[in-house]
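First the structure, in the form of C-alpha cells, and then the observations on it.
The values are calculated or read from the model by the stated rules, or taken from the named source; none is laboratory data. In this text, all values refer to a predicted model and were calculated from it rather than measured experimentally. Using ideal geometry, Cβ is built from the backbone for each residue, glycine included, and neighbour counts are taken over all protein chains shown. Side chains included, ligands, DNA and RNA excluded: accessible areas come from the protein's heavy atoms. Shrake-Rupley method; radii C 1.70, N 1.55, O 1.52, S 1.80 Å.
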Amino acid sequence: MRTPQPAANHHMSPRDIVSEAWRNLTTGTTGAAIWAPCLALIITMLASLDIGAIGQLVTTAHQWNQAGASLLTVTAPGHVDGVLCDALGTLPSIRAAGAIRAHPAEVRAVTTPSSSIPVHAVTTGFVGARAGAQALLPTQTVGADPGIFAGPEVVDRYTLTPGGTLGVTLSGTFTQAHIAGTYVYPADGRQSGLAYAIVAPEPPGPHSAPFDQCWVDAPKSDPNHTATLLRSTVIPSAGPQELPAEVTQVNASLGTELDLNAFNHRPTRLIPIAAGVAAFAVGWWITRRRRLEMASSLHAGMDRASLVTQTAIETGIWAAMACMIAYPLITLSIHTLPAQDIAPLTTRTGLYILQGFTFTLAGALLAASTIKEKHLFNYFKDR
Amino acid sequence: MPLELTGLTHDFGPGPLFTNLTATCLPGRVYAIMGPSGSGKSTLLAIAAGWLPPTAGSVERTGMPVVRWAFQNPHGLPRRTALDHVTLPLLTLGIRRPHAQVEAMALMEKFNLSHVALREFRALSGGEAQRLLLARALASRPDLLLVDEPTAQLDPTSSALVATSFSALAGTGAVVLVATHDPDIITACTDRINLADFR
Ligand SMILES: Nc1ncnc2c1ncn2[C@@H]1O[C@H](COP(=O)(O)OP(=O)(O)O)[C@@H](O)[C@H]1O
Ligand SMILES: [Mg+2]
C-alpha cells in the first residue's frame, strides 16, 4: 500500500524560497554579475541622451529668463495704476510685477556735475523692496534700508556698493543718497534706459501718482493672457478717445515666445518609452534564457508562486544593483551639462531609475509566469 | 489506481507511430516500452504524462497527482550543486533544509553519486546527470514515473542500480514506464509494451 502523499501543489516556505534565490545569485545562476552592468549601461545611455536634451531646454529657458525676455511691459504714460500693477505680482501666473515712472528730479553726482543721472520712481515690487515680494529685476541689497537702487552703469561709474552712499545734487541741493541696493540690467538686447539710471521705490498709497509703465515677469504663462492682465492696470482716460496701451517685450532679441511645449516636442521624447520597453525586454529575455532550468525546477515540484517569488527576489536584487551603478553614472553625466538648474534633471534621473527597476522586474515576472514544465519535453523533442 | 491507455494513435504527419494502443498499467509494476529508435517510445511517454495530446484515444490517470520524468537529456541548473538538485523536491514537500539534505544524500548514495554531491551540475558527466535527475524524480515520491532511455549513457553497474530503483519505487505502489531497448533493463521490468505490436 502507498503511504498518503503530500499535496502535489505544496508551497515552499518563504525561508526556502529566499535561500534558493540567494543560492542562485551567489552561484552565478542568475548571471547578475553580467546582466546588472548591462542593464545599468542601457539605462544610463538612454537616460543620459534624454536628460542631455532636457538640459538644453533648461539652459534655453534659463537664458531666456536671464535676458529678461519673459518681461512684458504696458506703456501708458501717466495712466498706470501702481497699486494694481504691484498686485499682479501676487497672482500665481506672475512671478513679479512693478510699475515705473520717469522722475522729473535733476540728479547729478557731485564728482561729475556736468551730466545728470536719469531717475525713475518705481513701485516696491519693481526691486522687491516689499517683504516677501519677488523683485522684477534681480537685485543685490544689504538689509532692508530704504534708499535708492543703482543700475549697473551707475554702479560702475561711481563704484557703488549696496549700503553705501552717493554724493549728489538734487535740483541744486547737495545730499548723500543712500544706496539701498543695485539691480542687474545687462546690455543683452533689452530696452536701454535703465542701465544708466537710479530707481527710487515709492511706498504705495492711495494718493500716489499714476505711473508710465507696468512691468511683469510671467515666464510660464501665455503672453496674450499676460498682456490682458497688463492692460487692466491702465486707468481709463476721462476723455473720449481710447488710450494707446502698448504691450512690448523688454528684450525681443531672443524671439517673442519661449516654446513652453518644447519639453513635449523634444527629439528625445520617446526615449522614456524606449527605456521602459528595453528594461521590460531585458527582464523578460534574461528570465526566458533560463526557461529550461526553471521548467526543471517546476518539474521538481516547485509551485508557480514560489518560482515567481524567487524570480522577483533574484531580479529585484540584480536590477537594484544595476540602478546603483546607473544612478551615479547618470548624475555624473548631468554635471557635465551646462544647465544651471539641475533639479528637473535629477528628478528625471530618479524617474528613469525607478522605471528601469520596475519594468525589468515586470518583464522577469511575466516571463517566470509563462514558463511551463512542458518546455522540458519540447526541448528534447527539438534537440 | 491504474494508468489506463485506451485506443491511442499518434501521428506527427508522415504516418502513425502506433495505432489503437490499449494497456492498463497497474500500480506496483514496471513497464518496458520497447521499440527501435524513432518508433515513438518518447512520444508515448509524453502522451501518458499528459504533456502531448494523442491524435486519437485517451489516457486515464486518476489518483496520480505526482508525475515525474527522468529525461534522456537531463536538464538542471548548471551552476547549482548536485545535492541542491535532489534537495529541492524535498523542500517543496515541506521538509526543512537540513533534513532534506540528509534525505537527498541518502538517495544519491543509492545511485553511487555521493562523491559528486557538491559538484556543479554542469561538471557532471551525462550518465551522472541522468542518474541525478532520476534520484531527484524519486525524491518527489511520484505516483507515475516516466523514464526515457535510462541506460544509454550508463555502465553495467549503474544500470543495475537504476533497474533496482524502479522496482523499489513500484514497491511503494507507483506505476513505472521505462522506454528502453536495453535487454538488461527489459529483463528487470515486470511487463512489456512493444510498439511493434501496435503498428
Ligand atoms: N514534435 C514532433 N514533431 C514532429 N515529429 C516528431 C516530433 N517529435 C518526434 N517526432 C518524430 O516522431 C518519431 C518518434 O519519435 P520518438 O517518440 O522520440 O521516438 P523514440 O523515442 O522511440 O526514439 C521520430 O521520427 C521523430 O522524429
Ligand atoms: Mg526517445
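Top mean-square fluctuation among B:V30, B:V162, B:V116, Gaussian network model of chain B, C-alpha springs under 10 Å?
Checking each option, the largest mean-square fluctuation is seen for B:V116.
Which whole-angstrom value gives the distance between the alpha carbon centres of region A:182-229 and region A:91-146?
About 9 Å separates the Cα centre of region A:182-229 from the one of region A:91-146.
So what is the 222 nm mean residue ellipticity for chain A from helices alone, if each DSSP H run of at least 4 adds -39500 (n - 2.57) and you divide by all residues, rounding to the nearest 500 deg cm²/dmol?
The helix contribution divided over chain A gives -15000 deg cm²/dmol.
Could you point to the residue in B:S167, B:Q130, B:H99 farthest towards the positive end of chain B's charge dipole, with +1 and -1 charges on the Cβ of Lys/Arg and Asp/Glu respectively?
B:H99
Go through region B:1-108 and name the trypsin sites (Lys or Arg not before Pro) that are in a DSSP coil and have 15 or fewer other Cβ atoms within 10 Å of their Cβ. Intermediate results must be reported in sequence, preceding the final value.
On the way: sites: B:R29, B:K41, B:R61, B:R68, B:R79, B:R80, B:R96; in loops: B:R29, B:R61, B:R79, B:R80, B:R96.
Answer by residue number: B:R96.
Towards the positive end of the charge dipole of region B:1-88, with charges on Cβ (+1 Lys, Arg; -1 Asp, Glu), say which of B:A23, B:V59, B:T87 has the farthest Cα.
The residue sitting farthest along the positive end of the dipole is B:T87.
If you check each cysteine of chain A for another cysteine whose beta-carbon is under 4.7 Å away, which ones come up empty?
A:C38, A:C323, each lacking another Cys Cβ under 4.7 Å.
Which whole number gives the average count of other chain Cβ atoms within 10 Å of the Cβ atoms across peptide A:293-306?
Per-residue shielding by partner chains comes out at 5.
With charges set only on the Cβ (+1 for Lys and Arg, -1 for Asp and Glu), what does the dipole of region A:70-249 come to about its Cα centre, in debye to the nearest 20?
Details: 8 positive and 13 negative charges, 35 e Å.
Dipole size: approximately 160 debye.
Check which residues have an amide H placed less than 5 Å from B:D11's amide H, if you skip close sequence neighbours.
For B:D11, the qualifying residues are B:L17, B:T55.
Placing +1 on the Cβ of each Lys and Arg and -1 on the Cβ of each Asp and Glu in the protein assembly as shown, which of A:A21, B:P156, A:L354 has its Cα farthest towards the positive end of the resulting dipole?
Among A:A21, B:P156, A:L354, the one farthest towards the positive end of the dipole of the protein assembly as shown is B:P156.
Given 25 °C and 0.890 mPa s, how large is the Stokes-Einstein diffusion coefficient of chain B in µm²/s, with Rh as the Kirkwood radius over Cα pairs?
Here the translational diffusion coefficient equals 143 µm²/s.
Quantify how strongly other chains surround peptide A:71-77 by giving the mean number of their Cβ atoms within 10 Å of each of its Cβ atoms. Mind showing how you got there, number by number?
On the way: counts 0, 0, 0, 0, 0, 0, 0.
That average works out to 0.
Below 29 Å, Cα to Cα, which lysines can A:K374 reach? Residues fewer than 8 away in the same chain don't count.
Filter leaves B:K41, B:K110.
Let me know the charge dipole size of chain A about its Cα centre in debye, to the nearest 20, where only the beta-carbon of Lys, Arg (+1) and Asp, Glu (-1) is charged. Don't jump to the answer; show the numbers that get you there.
Numbers: 23 positive and 24 negative charges, 432 e Å.
Computed about the Cα centre, the dipole is about 2080 debye.
Can you show me the helix-derived [θ] at 222 nm for chain B, built from DSSP H runs with n ≥ 4 at -39,500 (n - 2.57) apiece and divided by the number of residues, rounded to the nearest 500.
-11000 deg cm²/dmol
Count the net charge of all other residues whose Cβ sits under 14 Å from the Cβ of A:T175, scoring Lys and Arg as +1 and Asp and Glu as -1.
0
Just the number, please: Stokes-Einstein D of region A:70-249 in µm²/s, Kirkwood Rh from C-alpha pairs, 4 °C, 1.567 mPa s. Don't skip to the end; give the middle numbers.
Values: Rh = 16.7 Å.
D = 78 µm²/s.
In region B:72-87, which residues give up 10 Å² or more of accessible area once the other protein chains are added, compared with their chain alone (1.4 Å probe)?
B:Q72, B:N73, B:H75, B:G76, B:L77, B:P78, B:R79, B:R80, B:D84
Determine which aspartates and glutamates satisfy two conditions relative to A:K372: a Cα distance under 17 Å, and not lying fewer than 8 residues away in the same chain.
Leaving aside aspartates and glutamates fewer than 8 places away in the same chain, those within reach of A:K372 are A:E293, A:D303, A:D382.
So what's Rg/Rh here for the protein assembly as shown, counting alpha carbon atoms and using the Kirkwood radius for Rh?
Across the protein assembly as shown, the Cα-based Rg/Rh ratio is 1.36.
Using a probe radius of 1.4 Å on heavy atoms only, what accessible surface per residue do you get for chain B? Whole Å² is fine.
Here the residues of chain B average 39 Å² of exposed surface.
How much accessible area per residue does chain A have, in Å², with a 1.4 Å probe?
49
Please identify the DSSP H helices in chain A that span no less than 27 Å along the helix axis (Cα) and have a mean Kyte-Doolittle hydropathy of 0.0 or more.
Correct list, ordered by number: A:32-66, A:304-335, A:343-370.
For region B:99-170 and region B:36-93, what is the separation of their Cα centres, given in Å?
The two parts, judged by their Cα centres, are 14 Å apart.
Using a probe of 1.4 angstrom, how much of the accessible area of chain B is carbon and sulfur, in percent?
Taking all protein chains in place, chain B shows 55 percent carbon and sulfur surface.
Along the principal axes of its C-alpha atoms, what lengths does region A:195-299 span, in descending order and rounded to whole Å?
94, 30, 29
Which value, in square angstrom to the nearest 100, describes the accessible area buried between chains A and B on both sides, using a 1.4 angstrom probe?
Working: alone 20280 and 9400 Å², together 26310 Å².
That pair hides around 3400 Å² of surface in total.
Any idea what the relative contact order of region B:1-145 is, in percent, if you count C-alpha pairs under 8 Å spaced at least 6 apart?
Once normalised by length, the contact order is 25 percent.
Quick one: putting +1 on the C-beta of Lys and Arg, -1 on the C-beta of Asp and Glu, what dipole do you get for region A:263-383 around its Cα centre, in Debye to the nearest 20?
420
Which of these, A:S48, A:S93, A:S171, has the largest mean-square fluctuation under a Gaussian network model of chain A (Cα springs below 10 Å)?
In the Gaussian network model the winner is A:S171.
How large a share of the accessible area of region A:70-249, in percent, is made up of carbon and sulfur atoms when the probe is 1.4 Å and the other protein chains stay in place?
Result for region A:70-249: 59 percent of the exposed heavy-atom area is carbon or sulfur.
Among A:A36, A:A238, A:A279, which one shows the biggest mean-square fluctuation in a GNM of chain A, springs joining Cα atoms closer than 10 Å?
A:A238
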